[in-house]
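J.: I have a structure here, written as structure tokens, and I will follow up with some questions on it.
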Amino acid sequence: MLELQIVTPEKLVLNQQVDSVTVPTASGEVGILPSHAPMVSAIRPGLLIYNVKGQTDKLAVSGGFLEVNADRVAVLADMAETAEDIDIDAARAARDEAEKAFAAAAAGSLDETEGLRDQLDAANVRLQLAAGRS
């Protein structure tokens with residue numbers, strides 16, 4: 001088992017024993033099982049997926065860092081939300097705003113467009129997760 005702890009600036013989102021975790025990192029999705037090698041990585045906007053006794057749960061995450069050490073997975077994220085936490089109308093508005101800002105800055109600096117791309121990706125992930133709720 002792994003201890004999964006997910007923290008945002010506002011709150012402790014999750015502290016639970018899990019069988020496995022998949023995290024969207026700067027270098028791609030990373031699957032983590034017990035006895036995983038220690039690591040630290042930046043987090044990209046995406047779905048964090050964790051399994052507990054055959055049950056799969058998902059969170060939309062963006063920004064922050066992942067640390068794996070001694071069967072403990074710590075996720076320090078700018079944002080982490082369950083499907084139930086997401087206001088679909090607000091997420092659509094955020095996506096529309098991010099799309100406009102990204103289009104307007106397309107000729108701008110790479111740093112500026114990367115930040116806007118992350119905002120757009122985060123909004124799309126939130127909508128994807130919210131659309132899957134029953």
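J.: Go through the range 1-36 and report how many residues are more than 30 Å from Leu120 (Cβ to Cβ), hydrophobic (A, V, I, L, M, F, W, C) and at pLDDT 95 or above.
T.: Here the count works out to 2.
J.: Being among the charged types (D, E, K, R) and surrounded by fewer than 19 Cβ atoms within 10 Å (Cβ to Cβ), is that true of even one residue in the range 31-52?
T.: So far as the range 31-52 goes, no, none of its residues is among the charged types (D, E, K, R) and surrounded by fewer than 19 Cβ atoms within 10 Å (Cβ to Cβ).
J.: Every residue in the range 49-67 that is of a type outside the set (D, E, K, R) and within 14 Å of the chain's Cα centre (by Cα), please. Talk me through it step by step, then tell me what you get.
T.: The first filter runs over the range 49-67 and keeps only residues of a type outside the set (D, E, K, R), leaving 49-52, 54-56, 59-66.
Answer for the range 49-67, where residues must be of a type outside the set (D, E, K, R) and within 14 Å of the chain's Cα centre (by Cα): Ile49, Tyr50, Leu59, Ala60, Val61, Ser62, Gly63, Gly64, Phe65, Leu66.
J.: Please find, within the range 58-110, the residue that is surrounded by the most Cβ atoms within 10 Å (Cβ to Cβ) out of those that are among the polar types (S, T, N, Q) and in a strand (DSSP E or B). Break it down stepwise before answering.
T.: In the first step, residues of the range 58-110 are kept if they are among the polar types (S, T, N, Q); the result is 62, 69, 82, 109.
Retained after the next criterion (residues that are in a strand (DSSP E or B)): 62, 69.
On the way: Ser62: 21, Asn69: 12.
In this case the residue turns out to be Ser62.
J.: Let me ask something else about it. Would you check which residues across the range 98-113 are more than 21 Å from Ile86 (Cα to Cα) and modelled with pLDDT of 75 or more and list them?
T.: The answer is Lys100, Ala101, Phe102, Ala103, Ala104.
J.: Give the number of residues within the range 45-68 that are among the charged types (D, E, K, R) and in contact with a helix residue (DSSP H, G or I) (Cβ under 8 Å, 6 or more places away or on another chain).
T.: Number of matching residues: 1.
J.: Looking at (1) touching a strand residue (DSSP E or B) at 6+ places or on another chain (Cβ under 9 Å); (2) closer than 28 Å to Glu114 by Cβ; (3) of a type in the set (Val, Ile, Thr), which is the only condition Val52 fails?
T.: Here Val52 clears every test but (2).
The values are calculated or read from the model by the stated rules, or taken from the named source; none is laboratory data. Note that the coordinates shown come from a computational prediction; the quantities given were computed from them, not determined experimentally. In this analysis, Cβ positions are derived from the backbone assuming ideal geometry, glycine residues included, and neighbour counts consider all displayed protein chains.
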